[in-house]
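The structure appears right after this line, and notes come after that.
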Amino acid sequence: MSRNLITELQSYGLRLDDVNAGAPSRRGGAGPSDHKAVTVDGKTVMVPVHTSGAAESPFVARAPGSDGFAVLERDGIPVARITFPPQPKFYGLATADGVPYWQIAQLHGRDVLATTVLQECIRYTNRKTRCQFCAIGASLEAGRTIARKSPQQLAEVAKAAVELDGVKHAVLTTGTPNATDRGAGVLCESAAAIRAAVDLPIQAQCEPPDDFAWFAKLRAAGVDALGMHLEAVEPDVRARAMPGKAKVPVNYYLRAFEAAVATFGRGQVSTYLIAGLGDAPESILAMCRTLVRIGVYPFVVPLVPIAGTPLENAVPPTAAAMRDLLGTIGAMLIEARLVSADIKAGCGKCGACSSLSVFETA
Ligand code: SF4
């Protein structure tokens, strides 16, 4: 039941009676966005609430009652009771120089601290190279974040988020600052500062760097898991959806994955694949088989067409299409014993942006 419900919620999105219920929704930023965290049957998932599709969704969450539970209706019929993770306590703090902690890092899902260390990207500044699904600049323009989070700021916020809100792991992502280390250097500095301040498993996310020696440096800095995101796999789809990033060939990603698995271990390297950018399901599945063979966790998520991006009016995959895709990948992961529960930190472990983890049980 929750498998279908979660998959459908992520495909259709959700209308909210009370837009202020729970923690503020995630708008803009790198990667999938325009979501709100919702807990269904004990599993916290990110559900689109600001997309154009969500406005037409058959799902409505009624305002939560005094017990914190909200009735979820589908076409006017109650189907579940849900909760919204509350606003974390660390959002109420600010650095000595007055930067609110929530502009430095955010709570994702239920227990993940997430930040985009560099909110700027060489690919985003030019419309011809920008990833069509990405809104990394939107939250900066809207004043919801700062351009660069210093290692000291990140360490301060991470310590507070662990102590006040019990966050369990962290995701450090970054815009791509150059065509050489592609962000690995800044992620090393950030992870080292956080690990010096608090015991918090970290996933770093960047494009594959030009020199694979960066993987050992990231590991030595305290990074436990690494994400390098393919997003799309077919050459035409890559060229259309991410014209800048597509200049880094898939073969280079595969070589980088092999080197990274040798450093971080099997299952501790992952990649986002976004269903709905135009790849045929068979292409996604073939890539997943290759990734699993290398030891890389394929985190397959449905496209969330973010307002203000070139793909804002794209139609996300149907729930039935996602169920078919994730069901096959889930079986593949069970057989290979490469499951999200064994990941030390990051998006695959959090799993809130996809219902994949609920397909990892037989
Ligand atoms: S899966 Fe990743 S991007 Fe999605 S909510 Fe969890 S940490 Fe954030």
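Report yes if L277 is within 19 Å of the chain's Cα centre (by Cα), modelled with pLDDT under 95 and closer than 24 Å to L226 by Cα, otherwise no.
The answer is no for L277.
Suppose we filter segment 243-279 for residues that are under 19 Å from Q132 (Cβ atoms), in contact (Cβ under 8 Å) with a residue 60 or more places away in the chain and touching a Pro at 6+ places or on another chain (Cβ under 9 Å); how many remain?
Going through segment 243-279 one residue at a time, the tally reaches 2.
Of the numbered conditions (1) at pLDDT 90 or above; (2) within 22 Å of A241 (Cα to Cα), G31 satisfies every one except a single condition; which is it?
Just one mismatch for G31, condition (1).
Would you point out the residue of segment 138-170, among those that are farther than 17 Å from Y91 by Cβ and touching a Lys or Arg at 6+ places or on another chain (Cβ under 9 Å), that is surrounded by the fewest Cβ atoms within 10 Å (Cβ to Cβ)? Let's see the steps before the verdict.
Step one: of segment 138-170, the residues farther than 17 Å from Y91 by Cβ are 138, 140-141, 147-148, 150-152, 155, 168-169.
Right, trim to touching a Lys or Arg at 6+ places or on another chain (Cβ under 9 Å) and you get 138, 155, 168-169.
Numbers: A138: 21, A155: 20, K168: 17, H169: 21.
Among those that are farther than 17 Å from Y91 by Cβ and touching a Lys or Arg at 6+ places or on another chain (Cβ under 9 Å), it is K168.
Please go through segment 80-117 and pick out each residue that is of a type in the set (S, T, N, Q), open to solvent by 70 Å² or more (accessible area, probe 1.4 Å) and in contact with an Asp or Glu (Cβ under 7 Å, 6 or more places away or on another chain).
The initial filter retains those residues of segment 80-117 that are of a type in the set (S, T, N, Q), namely 83, 87, 95, 103, 106, 115-116.
Subset that is open to solvent by 70 Å² or more (accessible area, probe 1.4 Å): 87.
Hits for segment 80-117: nothing passes.
One line per residue, one yes/no per condition, for (1) at pLDDT 95 or above; (2) away from the ligand (no atom under 16 Å from the Cβ); (3) over 16 Å from P48 (Cβ atoms):
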residue	(1), (2), (3)
V261	yes, yes, yes
Q268	yes, no, yes
A286	yes, yes, yes
V292	yes, yes, yes
G308	no, yes, no
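Going by the structure shown, is E163 within 16 Å of T116 (Cβ to Cβ), acidic (D, E), free of Cβ contacts under 8 Å to residues at least 60 places away in the same chain and more than 16 Å from the ligand (Cβ to nearest atom)? Please lay out each step first, then the result.
On the way: within 16 Å of T116 (Cβ to Cβ): no; acidic (D, E): yes; free of Cβ contacts under 8 Å to residues at least 60 places away in the same chain: yes; more than 16 Å from the ligand (Cβ to nearest atom): yes.
No, not satisfied.
Determine which single condition E282 fails, assuming it passes every other condition in (1) open to solvent by 50 Å² or more (accessible area, probe 1.4 Å); (2) in a loop (DSSP other than H, G, I, E, B); (3) without any contact (Cβ under 8 Å) to a residue 40 or more places away in the chain.
(2)
Just checking, which of T44, T7 is of a type in the set (V, I, T), within 13 Å of the ligand (Cβ to nearest atom), within 20 Å of the chain's Cα centre (by Cα) and modelled with pLDDT of 90 or more?
Working: T7 fails: within 13 Å of the ligand (Cβ to nearest atom).
Only one candidate passes the filter, namely T44.
Do we find that A221 is open to solvent by less than 30 Å² (accessible area, probe 1.4 Å) and within 18 Å of the chain's Cα centre (by Cα) in this structure?
no
Just a yes or no: is a residue in segment 61-79 surrounded by fewer than 19 Cβ atoms within 10 Å (Cβ to Cβ), more than 21 Å from the chain's Cα centre (by Cα), touching a residue at least 40 places away in the same chain (Cβ under 8 Å) and farther than 25 Å from V304 by Cβ?
no
If you scan segment 312-362, which residues turn out to be polar (S, T, N, Q) and either under 24 Å from T115 (Cβ atoms) or within 15 Å of the ligand (Cβ to nearest atom) (or both)?
Correct list: S340, S354, S355, S357.
The values are calculated or read from the model by the stated rules, or taken from the named source; none is laboratory data. Remember, it's a predicted structure, so these values are computed and weren't measured experimentally. Cβ coordinates were reconstructed from backbone atoms using ideal geometry, including for glycine residues, and neighbour counts include every protein chain displayed. Ligands, DNA and RNA are excluded from the accessible area calculation, which covers all protein heavy atoms including side chains. Shrake-Rupley method; radii C 1.70, N 1.55, O 1.52, S 1.80 Å.
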